[in-house]
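The values are calculated or read from the model by the stated rules, or taken from the named source; none is laboratory data. Just so we're clear, the structure is a prediction, and the values are computed from it rather than from any experiment. Positions of Cβ are generated from backbone atoms using ideal geometry, with glycine treated the same way; all protein chains shown enter the neighbour counts.
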Amino acid sequence: MAAAATVDGSALAGRALAAAGARHMFGVVGIPVTSLASRAAAAGVRFLAFRNEQSAGYAAAAYGFLTGTPGLLLTVSGPGCVHGLAGLSHATANAWPLLMVSGSCDQADAGRGDFQELDQIAATKPFAKLAVKATTIADIPRLVFQALNAAVSGRPGGCYLDIPSDVLHQTIPESEAADLIAAAAAADSAAANPSPPKQNSSIEKAAELLRRAERPLVVIGKGAAYARAEEAIRKLVDTTGIPFLPTPMGKGVVPDSHLLSATAARSLAIGQCDVALVVGARLNWLLHFGEPPKWSKDVKFILVDVCEEEIELRKPHVGIVGDAKRVIELINREIKDDPFCLGRSHPWVEAITKKAKDNVLKMEAQLAKDVVPFNFLTPLRIIRDAILAEGSPAPIVVSEGANTMDVGRAVLVQNEPRTRLDAGTWGTMGVGLGYCIAAAVAEPERLVVAVEGDSGYGFSAMEVETLVRYQLPVVVIVFNNNGVYGGDRRSPDEITGPHKDDPAPTSFVPAAGYHKMMEAFGGKGYLVETPEELKSALSESFHARKPAVINCIIDPYAGAESGRMQHKN
Ligand code: ADP
């Protein structure tokens, strides 16, 4: 009699992930998870094999933001798990859903110095909403569903699932595997019933406050982008005529080109608004903690956040706990019964639009110049225009670096939601290439354009090989100014001491051939130093939709130290 077919822990994990709806997984294989990666792929979960877990983790984090489903990160045990902490913590810091799955050492040998031994639950706990371990094969489906669920419920964030190597090798009969997955799926759908926001009185209060405000403002955070609240927020802005200010990754929820955008009048908008409806954004350092001197001391905040603790922490005038899309729809409904619109000639709207227009004109005058050797503005204008010429669906812009990201945020235009990915809440550098890979697989109809400082690029530059291997439509533009902030810019009297012959801590090899790294793997590389060369490289690479690196030489004296954050360095 033939033996009954069996399933091992690796295959069961792959099948459970597929049954839970996972479509992509990012990671690095090795002991003991190589089989898990191929079993998951066989079950329908595409595995994107990276060169380093750190980049794979950043990819999984961005995937969570772009898709609203947890990005999956697979790592090997011990050091692989430690490398993966970068992505796990980054996801949690940004409130993006991610599930990190790591193999770990054999349970019987734990505590005896086993191969790559680490207490991975203890290591991941500080960065994860949930950290669980499968101690036997039968645990796997239940924990997969539980952890995926935890990653997206409440405030999204990173979760961790540990699967020891002995559990990956255990087997159970096929029929039992199918039953376990079905039971886990059934328990999951019974639990998934999000409750609507309860506080009708808060919705009324918020609508009333906006109605009575003299200088209202809508602040749009990346939580609103994550919640896919674009239609509701656009409707609110259009019907009420209230100006809006996006945070960096809230850009595009309402198009940057919208007349009521206060981006170019940011200081005025936050300094003088009397009521601010903040949707899916924390009043943290990025928003100056919602305090004077940047904000008026009398401003009344209406905070909309899925996380109750966030609202308790900030103690706003009105707090509404709930999903941004749902809450703004309710506010729209409330306003509909007694509509109001500030109108173009309202003094507040006029002040904002005038200031924004003046600032845009000033900026455009700077942008119009063709400065060679390149400053930051000239190549960014050329890149902006090339991206805008792509139309819809708009490319996803990935941005990191100090000056490159700071200046890029002001110059590059986002007219569609979730088309900007940057260093985020933690100011994390090294995210770029991972983000690119996630964006390319999550949104295959969009081109991906990364605008990277040379330092940011260097953190994960080896992933250009991954781009070529999967032939992803990603164009990486490296702003090469010889190092961090601009390389070695010391004057001779600053170069003293016993190590004076060492390169400056801020410097890299001058005029490094970053484009040649791409060529080494068979992708396309460009070296550009003039507007014509950059335009031609962008036109060719955007059209080709194949991996490319454009090495864009920037004047090392063009950037400021620490970008716009000198006071913190
Ligand atoms: P930004 O960096 O754009 O200012 P933050 O990361 O500081 O944004 O804030 C995003 C906020 O959005 C977090 O407090 C998070 O809890 C919240 N959030 C996440 N998902 C939702 C959602 N579906 N609805 C409302 N708020 C959300």
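(1) in a strand (DSSP E or B); (2) more than 21 Å from the chain's Cα centre (by Cα): which one isn't true of V475, the others all being true?
It fails just one condition, (2).
Within region 314-335, work out how many residues are under 18 Å from K222 (Cβ atoms) and either among the hydroxyl-bearing types (S, T, Y) or assigned to a helix (DSSP H, G or I) (or both).
Going through region 314-335 one residue at a time, the tally reaches 6.
When the residues of region 22-50 are narrowed to those that are in contact (Cβ under 8 Å) with a residue 60 or more places away in the chain and part of a loop (DSSP other than H, G, I, E, B), which ends up nearest to A86 (Cα to Cα)?
Per the criteria, the residue is F50.
Conditions (1) buried (at least 24 other Cβ atoms within 10 Å of the Cβ); (2) of a type in the set (A, V, I, L, M, F, W, C), marked per residue:
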site	(1), (2)
I396	yes, yes
V451	yes, yes
G458	no, no
N481	yes, no
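Pick out, from region 110-195, the strands (runs of 3 or more DSSP E) lying fully within it that include 2 or more residues that are over 18 Å from M25 (Cβ atoms) and within 24 Å of the chain's Cα centre (by Cα). Before you say what the answer is, go through the steps one by one.
Working: elements: 130-133, 158-164, 171-173.
Answer list for region 110-195: 130-133.
When both residues are 6+ apart or on different chains and their Cβ atoms are under 9 Å apart, which pairs have a first residue that lies in region 219-230 and is touching a residue at least 24 places away in the same chain (Cβ under 8 Å) and farther than 24 Å from L268 by Cβ, and a second that is near the ligand (Cβ under 7 Å from one of its atoms) and among the aromatic types (F, W, Y)?
Listed by first residue and then by second, the contacts come to nothing, as the list is empty.
Please verify whether T6 is on the phi < 0 side of the Ramachandran plot and free of Cβ contacts under 8 Å to residues at least 40 places away in the same chain, treating the condition exactly as stated. Give the steps one after another, and end with the answer.
On the way: on the phi < 0 side of the Ramachandran plot: yes; free of Cβ contacts under 8 Å to residues at least 40 places away in the same chain: no.
Considered against the rule, which asks whether it is on the phi < 0 side of the Ramachandran plot and free of Cβ contacts under 8 Å to residues at least 40 places away in the same chain, T6 comes out as no.
Any idea which of L161, L148, L210 is over 21 Å from V101 (Cα atoms) and either surrounded by 19 or more Cβ atoms within 10 Å (Cβ to Cβ) or in contact with a Cys (Cβ under 9 Å, 6 or more places away or on another chain) (or both)?
Criteria check complete, one pass: L210.
I'd like to know if region 67-77 contains one or more residues that are crowded, with 24+ Cβ neighbours inside 10 Å and part of a helix (DSSP H, G or I). Quick ask: steps written out before the conclusion?
Residues of region 67-77 that are crowded, with 24+ Cβ neighbours inside 10 Å, as a first pass: 70-75, 77.
Subset that is part of a helix (DSSP H, G or I): none.
No.
Going by the structure shown, is S296 surrounded by fewer than 22 Cβ atoms within 10 Å (Cβ to Cβ), over 27 Å from the mean Cα position of the chain (by Cα) and either under 17 Å from V218 (Cβ atoms) or away from the ligand (no atom under 16 Å from the Cβ) (or both)? So that I can check it myself, show each step before the final result.
Numbers: surrounded by fewer than 22 Cβ atoms within 10 Å (Cβ to Cβ): yes; over 27 Å from the mean Cα position of the chain (by Cα): yes; either under 17 Å from V218 (Cβ atoms) or away from the ligand (no atom under 16 Å from the Cβ) (or both): yes.
Yes: the conditions hold for S296.
Within region 241-252, is there a residue that is in contact (Cβ under 8 Å) with a residue 24 or more places away in the chain, away from the ligand (no atom under 14 Å from the Cβ) and either closer than 30 Å to V152 by Cα or touching a strand residue (DSSP E or B) at 6+ places or on another chain (Cβ under 8 Å) (or both)?
Pass one, region 241-252, residues in contact (Cβ under 8 Å) with a residue 24 or more places away in the chain: 241-252.
Pick out the ones that are also away from the ligand (no atom under 14 Å from the Cβ) and you get 241-243.
Applying the additional criterion that residues be either closer than 30 Å to V152 by Cα or touching a strand residue (DSSP E or B) at 6+ places or on another chain (Cβ under 8 Å) (or both) yields 242-243.
Among the residues of region 241-252, at least one is in contact (Cβ under 8 Å) with a residue 24 or more places away in the chain, away from the ligand (no atom under 14 Å from the Cβ) and either closer than 30 Å to V152 by Cα or touching a strand residue (DSSP E or B) at 6+ places or on another chain (Cβ under 8 Å) (or both), which makes the answer yes.
For region 275-289, which positions are surrounded by fewer than 19 Cβ atoms within 10 Å (Cβ to Cβ), closer than 16 Å to K315 by Cβ and near the ligand (Cβ under 6 Å from one of its atoms)?
The one that is surrounded by fewer than 19 Cβ atoms within 10 Å (Cβ to Cβ), closer than 16 Å to K315 by Cβ and near the ligand (Cβ under 6 Å from one of its atoms): N284.
Evaluate the following for T92: is it modelled with pLDDT of 95 or more, of a type in the set (S, T, N, Q) and not in a helix (DSSP H, G or I)? Spell out the reasoning first.
Numbers: modelled with pLDDT of 95 or more: yes; of a type in the set (S, T, N, Q): yes; not in a helix (DSSP H, G or I): no.
No, not satisfied.
Output the number of the condition that D406 fails; it satisfies all remaining conditions of (1) buried (at least 23 other Cβ atoms within 10 Å of the Cβ); (2) among the acidic types (D, E); (3) within 19 Å of V484 (Cβ to Cβ).
Result: D406 passes all but (1).
Select from region 368-383 the residues that are assigned to a helix (DSSP H, G or I), crowded, with 18+ Cβ neighbours inside 10 Å and out of contact with any Cys (no Cβ under 7 Å at 6 or more places or on another chain) and list them in ascending order. Step through it out loud before you land on a result.
Kept after step one, since they are assigned to a helix (DSSP H, G or I), are these residues of region 368-383: 368, 377-383.
Subset that is crowded, with 18+ Cβ neighbours inside 10 Å: 377-383.
Across region 368-383, the qualifying residues are L377, T378, L380, R381, I382, I383.
If you scan region 200-233, which residues turn out to be away from the ligand (no atom under 16 Å from the Cβ) and assigned to a helix (DSSP H, G or I)? Step through it out loud before you land on a result.
Pass one, region 200-233, residues away from the ligand (no atom under 16 Å from the Cβ): 200-201, 204-205, 207-216.
Listed by number, the residues that qualify are N200, S201, E204, K205, A207, E208, L209, L210, R211, R212.
Just one of (1) out of contact with any strand residue (DSSP E or B) (no Cβ under 9 Å at 6 or more places or on another chain); (2) crowded, with 24+ Cβ neighbours inside 10 Å; (3) closer than 17 Å to P395 by Cα; (4) not hydroxyl-bearing (S, T, Y) trips up G424, so point out which.
Evaluating G424 over (1) out of contact with any strand residue (DSSP E or B) (no Cβ under 9 Å at 6 or more places or on another chain); (2) crowded, with 24+ Cβ neighbours inside 10 Å; (3) closer than 17 Å to P395 by Cα; (4) not hydroxyl-bearing (S, T, Y) leaves (3) as the failure.
Filter region 492-548 down to the residues that are in a loop (DSSP other than H, G, I, E, B), within 27 Å of the chain's Cα centre (by Cα) and either on the phi > 0 side of the Ramachandran plot or surrounded by fewer than 15 Cβ atoms within 10 Å (Cβ to Cβ) (or both) and list them by number.
Once the filter is applied, which keeps residues that are in a loop (DSSP other than H, G, I, E, B), within 27 Å of the chain's Cα centre (by Cα) and either on the phi > 0 side of the Ramachandran plot or surrounded by fewer than 15 Cβ atoms within 10 Å (Cβ to Cβ) (or both), region 492-548 yields only R545.
Identify all residues within region 148-162 that are over 16 Å from A60 (Cα atoms) and in contact with a strand residue (DSSP E or B) (Cβ under 6 Å, 6 or more places away or on another chain); write none if there are none.
So in region 148-162, the residues over 16 Å from A60 (Cα atoms) come out as 153-155, 162.
Result: D162, single match.
Given (1) closer than 28 Å to C307 by Cβ; (2) among the hydrophobic types (A, V, I, L, M, F, W, C); (3) free of Cβ contacts under 8 Å to residues at least 24 places away in the same chain, where does L17 come up short, assuming only one miss?
Result: L17 fails condition (3) only.
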